[in-house]
Amino acid sequence: GLENVYKSIDFGDNWKKFSNIEGLGKYDRLVSLACSGKDTMLFYAAYANPSWDNDPKRKLFKTSNAGETWIDVTKGLKGVAWTNITSVIMDQQNPDVVFVGFRGGWDVKVMRSLNGGNSWEDYSSGFDNDSDVNALITDTDDFHTVYAATHNGVYKRNDKDKAWSRFGEGLPRVMVSGLDIRYDSGILFAGTHGRGIWSVKIR
């Protein structure tokens, strides 16, 4: 991603423009792409800078036809009004369930959509106020567990939980910048700022 999204089908030797989002400028920095394992036509593209408006727009786009047309699904995503999007992901089993993470704000850390971005709800309960979200990842378990990499470690939430909670013993209270899951062995990896890579068995 630059201002628009580009695609390569030959391991990066050649690139083709994948989106037709008009009006984007040099300050519209694409920070996260999400693709669906269930629907190969479905993608989301998220842009970082706040909208500086109580009616945010042009910060999260969706295509359902593999890039031919993109629609703005920012409406109702109040977290991006005054803060930065850091990540967008879809549920592993239901692509209509979308999560967006934020940094730079006091209250809104994660928002969730249950209908493919048509409407959004605040999904932030349980985070410390200074725990900005740097990355999100979903598991493939039956409870649709989501993990969040924050400025203060890793948090976890699933369908049974009423709020996020800090996850994993032994991890220092340190900024975690990225997460990955080895699904075949059930291991979660956390990349930290200055303290190396950590792992924990999650199932």
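So here's what we get for this one:
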quantity: Residue within segment 84-94 that is within 21 Å of Leu30 (Cα to Cα) and in contact with a helix residue (DSSP H, G or I) (Cβ under 8 Å, 6 or more places away or on another chain) present; calculated: yes
quantity: Test set (1) closer than 25 Å to Val97 by Cα; (2) in a loop (DSSP other than H, G, I, E, B); (3) open to solvent by less than 80 Å² (accessible area, probe 1.4 Å) - Ala34 fails condition number; calculated: (2)
quantity: Criterion violated by Trp52 - all others in (1) touching a Ser or Thr at 6+ places or on another chain (Cβ under 7 Å); (2) among the aromatic types (Phe, Trp, Tyr); (3) within 19 Å of Gly105 (Cα to Cα) satisfied; calculated: (1)
quantity: The listed residue being open to solvent by 60 Å² or more (accessible area, probe 1.4 Å) and either assigned to a strand (DSSP E or B) or under 17 Å from Asn129 (Cβ atoms) (or both), out of Asp180, Asp159; calculated: Asp180
quantity: Filtered residues of segment 8-24 (kept if open to solvent by 30 Å² or more (accessible area, probe 1.4 Å) and either closer than 21 Å to Arg58 by Cβ or among the aromatic types (Phe, Trp, Tyr) (or both)); calculated: Phe11, Trp15, Lys17, Asn20, Glu22, Gly23, Leu24
quantity: Among (1) polar (S, T, N, Q); (2) surrounded by fewer than 16 Cβ atoms within 10 Å (Cβ to Cβ); (3) more than 30 Å from Thr145 (Cα to Cα), the one test that Gln93 misses; calculated: (3)
quantity: Within segment 101-116, tally of residues that are among the small types (Gly, Ala, Ser) and either more than 13 Å from the chain's Cα centre (by Cα) or under 12 Å from Asp128 (Cα atoms) (or both); calculated: 3
quantity: Matching entry among Asn152, Asn115, Asn158 (being touching an Asp or Glu at 6+ places or on another chain (Cβ under 7 Å) and within 23 Å of Lys38 (Cβ to Cβ)); calculated: Asn115
quantity: Long-range neighbours under 9 Å by Cβ, at least six apart or interchain, first residue on the phi > 0 side of the Ramachandran plot within segment 126-140, second part of a strand (DSSP E or B) and open to solvent by 20 Å² or more (accessible area, probe 1.4 Å); calculated: Gly126/Arg157; Gly126/Ser165; Gly126/Arg166
quantity: Whichever residue in segment 97-131 is at pLDDT below 95 and among the acidic types (Asp, Glu) and, among such residues, is nearest to Ser177 (Cα to Cα); calculated: Asp130
quantity: The lone exception for Lys201 - which of (1) in contact (Cβ under 8 Å) with a residue 40 or more places away in the chain; (2) over 27 Å from Asp72 (Cβ atoms); (3) surrounded by fewer than 17 Cβ atoms within 10 Å (Cβ to Cβ) it fails; calculated: (1)
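Okay, residues lined up against (1) closer than 30 Å to Thr63 by Cβ; (2) open to solvent by 50 Å² or more (accessible area, probe 1.4 Å):
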site: Asn118; (1), (2): yes, yes
site: Val146; (1), (2): yes, no
site: Trp164; (1), (2): yes, no
site: Val174; (1), (2): no, no
site: Phe189; (1), (2): yes, yes
site: Thr192; (1), (2): no, no
site: Arg195; (1), (2): no, yes
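The values are calculated or read from the model by the stated rules, or taken from the named source; none is laboratory data. Please read these numbers as outputs of a predicted model, since none were measured by experiment. Note that each Cβ is placed from the backbone with ideal geometry, even for glycine, and that neighbours are counted across all protein chains shown. All accessible areas refer to the heavy atoms of the entire protein, side chains included, with ligands and DNA or RNA removed. Shrake-Rupley method; radii C 1.70, N 1.55, O 1.52, S 1.80 Å.
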